[in-house]
Structures are given as structure tokens and as C-alpha cells.
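K.L.:
Once you've had a glance at the structure underneath, I'll fire off some questions.
The values are calculated or read from the model by the stated rules, or taken from the named source; none is laboratory data. None of these values were measured; they are calculated from a predicted model. Note: ideal-geometry Cβ built from the backbone for every residue, glycine included; neighbour counts use all protein chains shown.
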Amino acid sequence: MKITVDTEKCTGHARCHAAASAVYPLDSNGYCAVREVTVTAGEEAAAREGAAACPERAISITE
Ligand code: SF4
């Protein structure tokens, strides 16, 4: 499973990080620091939770 964060849409709510801090680290300005990453099996549920929490729908999941 892969997650992609659309940096044009990300406005720094940090809800993704609150739901899954290991999957969605933040940069020094509070924006999601992840651009594209393959998620390990053990982190998939957290990654989905973080994506669902994003109010900007900036996070895409590819199975
Ligand atoms: S919740 Fe969405 S808008 Fe907020 S930091 Fe994460 S990706 Fe960006």
C-alpha cells in the first residue's frame, strides 16, 4: 500500500499526524512532510485513519 500527499492541497491541519504520527511526520511549519511513501503492513490501518482525518482530502491511497 502506498500513500501520496498532494502538497498543493495540504494546509497544515496536522490531523493526519494526530491520527498516525509515525506515518505522517510534520515539517517545521506543521505541514505533512510525507510526499509518497510505501506503508508497511503493520501501519496500514493507521495510514488509512490519517488519510480519512485529512479535511483537505490531500492524502491518496494506492493498494
Ligand atoms: S491532515 Fe491533510 S492538510 Fe493537514 S497536514 Fe495532514 S495532509 Fe496536510
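K.L.:
Tell me which residues, restricted to the range 4-35, are closer than 17 Å to residue 56 by Cα and acidic (Asp, Glu).
P.N.:
Within the range 4-35, 6, 8 meet the criteria.
K.L.:
Which of the strands (runs of 3 or more DSSP E) contained wholly in the chain include at least 3 residues that are within 12 Å of the ligand (Cβ to nearest atom)?
P.N.:
2-5
K.L.:
Something else now. Suppose we filter the range 6-20 for residues that are out of contact with any helix residue (DSSP H, G or I) (no Cβ under 8 Å at 6 or more places or on another chain) and either within 14 Å of residue 51 (Cβ to Cβ) or of a type in the set (Phe, Trp, Tyr) (or both); how many remain?
P.N.:
5
K.L.:
Can you spot a residue in the range 17-35 that is touching a Gly at 6+ places or on another chain (Cβ under 7 Å), under 16 Å from residue 1 (Cβ atoms) and β-branched (Val, Ile, Thr)?
P.N.:
Yes - at least one qualifying residue is present in the range 17-35.
K.L.:
Do you know which residues across the range 1-59 are among the charged types (D, E, K, R) and at pLDDT below 95?
P.N.:
Answer for the range 1-59, where residues must be among the charged types (D, E, K, R) and at pLDDT below 95: there is none.
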